[in-house]
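Input: a single structure, listed below in structure tokens.
Taken together, the values in this text are just the output of simple stated rules run on the coordinates, not laboratory data. Please read all numbers here as calculations on a predicted model, not as lab measurements. So basically every Cβ, Gly included, is an ideal-geometry build from the backbone, and we count neighbours across all protein chains shown.
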Amino acid sequence: MQSFNHFLREKGVSGELRSLLYHIARSVKYINFSLRAGNTGKNQSQNASGEDQLKLDVMADHIIMDELEKSELAALIISEEQDQVIKFPAPRGTFSVSYDPLDGSSLVDANLAIGSIFGIWEGDQLIGTTGRKSMIASCYAVYGPRVIFVIAVKDKGVHQFELNDVGEFILVEEALHIKPDSKYFSPGNLRATAGNEKYLTLVQSWIAEARTLRYSGGMVPDIHHILCKSEGIFSYPRDQKHEHGKLRLLFECAPFSLVAEEAGGTSLDQEGMPILDLEISDPHERTPIFIGSKNDVEKSIAVLQ
Ligand code: AHM
Ligand code: MG
């Protein structure tokens, strides 16, 4: 039984990064409690992208913000639920954290699995950099029947932890791996097939190959499924109304792209550019994403050109 702090210390992860991850993990425990006990209703407010917020979206955002402030390790944070970046006054650390406090909140009423996603960046400048240059770690939590916490550290792999009954995250699987070819598919934004024959052809080819469909409508459990089974592809292309798709570069796509690459998979935009090489021009910018088994993702992009 190894706690994540002990495990990461053995892997040579710095004390500062472990401490930041400890605070993130603490916020995950409080969010998990709020999900079980809190009010699942609407908040009568909208986030930076003009989407309706649940009370739980706002609560999760505040829990993370407070915990990151207490850590004194983050210089700057930016949340999917807030318009502006927040710069913490001194004493503060050298990391920036981008996060989606409650991804898949439209699934809360249906009681499907949802998650939180975090990107950890070096320095206090996100605009103008790329995930490849500045992201040093990312992590996500899956709130399902069990609470799972997955951490990717640059050049140190992807590792899965599970919350036990006494509130500790214990290692359950080391060095998660994504194989190059897969028999699963998780086709997001199928609405795009209405205006994009190439995406229709791609989805039909997955059906013709008799692949197994695994799609829940939540990016976190859908991509976590790929990590668990060591194979799969998740897609979320642009459509006529949304020229950059729906999913956000800083809060969702870049953190998961580090996870995918560290596990031996890949993550590309619709033109085949690695998501980790996209330059950040706006905190709330979006990008189409194709992520998972390397050969599947590359073949998919070829079909879409
Ligand atoms: P959210 O951050 O507002 O919850 O939106 C992100 C979620 C993803 O988890 C999921 O892949 C996607 O929205 C599904 O959206 P849609 O059903 O509109 O295609
Ligand atoms: Mg989200």
Can you list residues whose amide H is under 5 Å from Arg286's amide H, if they're 5+ apart or on another chain and H is modeled 1.01 Å from N?
Leu249
Report, as a whole number in µm² per second, the diffusion coefficient that Stokes-Einstein gives for the range 148-305 at 25 °C and 0.890 mPa s using the Kirkwood radius over alpha carbon pairs.
155 µm²/s
How much mean residue ellipticity at 222 nm does the chain get from its helices, if each DSSP H run of length 4 or more adds -39500 (n - 2.57) and you divide by all residues, to the nearest 500 deg cm²/dmol?
-9500 deg cm²/dmol
What list of ³J(HN,Hα) couplings, whole Hz, do you get for the range 182-192 from phi and the Karplus terms 6.51, -1.76, 1.60, once you set θ to phi - 60° and write x for glycine and proline?
9, 10, 10, 9, 9, x, x, 6, 5, 4, 5
Taking the 0 to 90 degree range and rounding to the nearest ten, how far is the long axis of helix 55-71 tilted relative to the main principal axis of the chain, both from C-alpha atoms?
50 degrees
Cα lying deepest toward the dipole's positive end in the range 165-239, options Gly195, Ala175, Thr212, charges on Cβ:
Gly195
Using the alpha-carbon atoms, what tilt in degrees (0 to 90, nearest 10) does helix 15-37 show relative to the longest principal axis of the chain?
80 degrees
More than 19 angstrom apart: percent of Cα pairs within the range 1-90:
51 percent
What is the gain in length, in nm to one decimal, between Ile127 and Thr212 on full extension, counting 0.36 nm per residue of separation less the C-alpha to C-alpha distance?
26.7 nm
Interchain or sequence-distant (5+) residues whose placed amide H lies within less than 5 Å of the amide H of Gln82 are Ala48
Inter-label distance, nm, simple model (7 Å from Cα along the C-beta direction), Phe33/Ser106:
3.1 nm
Hey, what's the Cα Rg ratio for the range 34-87 versus the globular rule of thumb, 2.2 N^0.38 Å?
1.21
Only Lys, Arg (+1) and Asp, Glu (-1) charged, at Cβ; the chain dipole about Cα centre in debye
460 debye
What residues have an amide H closer than 5 Å to that of Ala137, excluding those fewer than 5 places away on the same chain, when H is modeled at 1.01 Å from N in the peptide plane?
Ile120, Lys154
Taking only C-alpha pairs under 8 Å that are 6+ residues apart, what is the relative contact order of the chain in percent?
16 percent
Gyration tensor over alpha-carbon atoms, the range 175-221, equivalent ellipsoid semi-axes in Å
21, 14, 9
With Cα coordinates, the longest principal axis of the chain makes an angle with the long axis of helix 219-229, in degrees rounded to 10, of 80 degrees
Using the Cα atoms of the range 1-160 to build a convex hull, what is its mean projected area in square nanometres?
9.7 nm²
Rounded to the nearest 0.05, FRET efficiency between Thr201 and Lys70 (Cβ-Cβ, R0 41 Å) equals 0.20
Show me, for the range 162-168, the HN-Hα J-couplings you get by feeding each phi into the Karplus relation (A = 6.51, B = -1.76, C = 1.60, θ = phi - 60°), rounded to Hz, glycine and proline as x.
10, 6, 9, 5, 9, x, 10
Here the FRET efficiency for Gln240 versus Gln2, based on Cβ atoms and R0 = 35 Å and rounded to 0.05, is 0.10
Jot down the radius of gyration and Dmax of the chain, Cα atoms only, both in angstrom.
18.2, 58
Between Ser281 and Gln305, what's the calculated FRET efficiency when r is the beta-carbon distance and R0 is 25 Å? Round to 0.05.
0.60
Gain in span if fully extended, Ser14 to Lys42, counting 0.36 nm per residue against the direct Cα distance
6.1 nm
Residue by residue, what Karplus-based ³J(HN,Hα) values in Hz, rounded to whole numbers, does the range 290-296 have, using 6.51, -1.76 and 1.60 with θ = phi - 60° and x for Gly and Pro?
10, 9, x, 4, 4, 5, 4
Sort the range 87-160 into rounded, prolate or oblate with this rule: let a ≥ b ≥ c be the square roots of the eigenvalues of the Cα gyration tensor; rounded if a/c is under 1.5, and if a/c is not under 1.5, prolate when a/b is larger than b/c, oblate otherwise.
prolate
